[in-house]
Amino acid sequence: MVRREEILEEDRYRAQFYRLLGRLLARAPDEDLLKQLRDLKDGKNAIEAAFGALAAAARATTPAAAAEEFQDLFIGVGRGELVPFASFYLTGFLHEKPLARLRQEMAQHGIERAAGVSEPEDHIASLCDMMAGFILGEFGAPLPLAQQSDFFDRHIRTWAGQFFDDLAAAPSARFYMPVGALGRAFLEIETVAFQMAA
Amino acid sequence: MTKDKQAKSAPRREFLKLAGLGTLAGAAAAAVGAPGKAQAATAEAPSASGYRETEHVKKAYELSRF
């Protein structure tokens with residue numbers, strides 16, 4: 001069993017990455033977050049280039065504009081441009097089997113939705129946050145890599161790539177366009193890294 | 001960690017390093033929690049139903065509230 005103090009630096013970065021994606025996909029960024037994103041460095045590989053684009057997008061927006069964009073993308077009138085739930089992507093409907101399977105697995109890990117939250121648990125932001133929690137050992141001991149990989153395979157890999165592509169291409173996406181690219185690039189890294197560990 | 005596991009994890013570690021995830025370290029880290037400073041919540045004892053609920057779980061779901 002991995003103890004929390006033994007978590008590798010690379011894995012902490014992965015957790016942080018999931019946290020950032022989760023944060024950006026849960027709510028519009030506030031000024032504090034935008035300010036920090038503006039300082040991200042550009043670079044050559046896919047992730048670094050996406051960070052560079054995100055920094056530029058953060059420089060080009062304001063909290064008010066980003067909030068409006070978030071509203072159009074994810075909430076809308078009746079429905080946003082995107083519906084970021086596993087069940088919706090995999091079956092065309094909310095609350096279908098993928099959500100039921102996720103809930104079963106969450107119960108096994110002792111994770112519950114907090115009181116007062118009404119969104120289904122298979123929201124992309126919740127899934128990112130769960131991955132971060134598994135890596136860092138927030139739901140008990142850090143989850144072994146093989147089990148992280150299984151969870152990723154079952155609940156994220158099958159649809160999140162499409163979601164991030166849709167986000168990058170959504171009509172209202174400005175600040176969120178590079179978030180889509182970043183998410184897509186990160187999923188690919190996770191997929192390859194899990195294969196290397198198998 | 002056993003030697004065998006270490007040898008197996010080396011290429012993965014190298015790959016992740018080169019991938020540039022660490023770019024986050026300098027900037028947005030503070031907003032989402034710097035690595036190494038991650039606070040692990042102590043899970044409460046399992047309840048009768050076998051469920052545990054940690055502060056972090058609450059946090060997880062507060063995040064996705066909109």
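Since every read-out is calculated from the coordinates, none of them should be taken as a lab result. Predicted, not measured: the structure shown is a model, and the values here were computed from it. Cβ coordinates were reconstructed from backbone atoms using ideal geometry, including for glycine residues, and neighbour counts include every protein chain displayed.
Just checking, does the stretch A:53-70 include any residue being within 30 Å of residue A:144 (Cβ to Cβ) and more than 7 Å from chain B (Cβ to nearest Cβ)?
Checking the stretch A:53-70: not a single residue is within 30 Å of residue A:144 (Cβ to Cβ) and more than 7 Å from chain B (Cβ to nearest Cβ).
Kindly check whether there is at least one residue in the stretch A:88-100 that is among the hydrophobic types (A, V, I, L, M, F, W, C) and in contact (Cβ under 8 Å) with a residue 60 or more places away in the chain.
Yes - at least one qualifying residue is present in the stretch A:88-100.
I'd like to check something: does the stretch A:72-82 contain any residue that is within 18 Å of the chain's Cα centre (by Cα) and either among the polar types (S, T, N, Q) or more than 20 Å from residue A:171 (Cα to Cα) (or both)?
No, the conditions are met nowhere in the stretch A:72-82.
Could you list, in sequence order, all residues of the stretch A:139-191 that are within 21 Å of residue A:91 (Cα to Cα) and of a type in the set (Ser, Thr, Tyr)?
Hit for the stretch A:139-191 is A:158, nothing else.
Would you point out the residue of the stretch A:16-47, among those that are within 23 Å of residue A:197 (Cβ to Cβ) and at the interface with another protein chain (Cβ under 7 Å from one of its Cβ atoms), that is surrounded by the fewest Cβ atoms within 10 Å (Cβ to Cβ)? Break it down stepwise before answering.
So the first thing to find is which residues in the stretch A:16-47 are within 23 Å of residue A:197 (Cβ to Cβ), and the list is A:16-22, A:45-47.
With at the interface with another protein chain (Cβ under 7 Å from one of its Cβ atoms) added as a condition, the list becomes A:16-17, A:19-20, A:22, A:45, A:47.
Details: A:16: 26, A:17: 27, A:19: 26, A:20: 26, A:22: 25, A:45: 14, A:47: 23.
Within the stretch A:16-47, the match that is surrounded by the fewest Cβ atoms within 10 Å (Cβ to Cβ) is A:45.
For (1) in contact (Cβ under 8 Å) with a residue 24 or more places away in the chain; (2) over 16 Å from residue A:163 (Cβ atoms), each residue gets a yes or a no:
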position: A:27; (1), (2): yes, yes
position: A:41; (1), (2): no, yes
position: A:59; (1), (2): no, yes
position: A:83; (1), (2): no, no
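Among the residues of the stretch A:102-110, are any over 30 Å from residue A:2 (Cα atoms), within 18 Å of the chain's Cα centre (by Cα) and either facing chain B (nearest Cβ under 9 Å) or aliphatic (A, V, I, L, M) (or both)? Outline the logic, then answer.
Here is the first cut: in the stretch A:102-110, the residues over 30 Å from residue A:2 (Cα atoms) are none.
No, the conditions are met nowhere in the stretch A:102-110.
Every residue in the stretch A:107-127 that is buried (at least 21 other Cβ atoms within 10 Å of the Cβ) and not in a loop (DSSP other than H, G, I, E, B), please.
A:123, A:124, A:125, A:126, A:127
Check residue A:150 against each of (1) of a type in the set (D, E, K, R); (2) part of a helix (DSSP H, G or I); (3) within 8 Å of chain B (Cβ to nearest Cβ) and name the one condition it does not meet.
Single failed check for residue A:150: (3).
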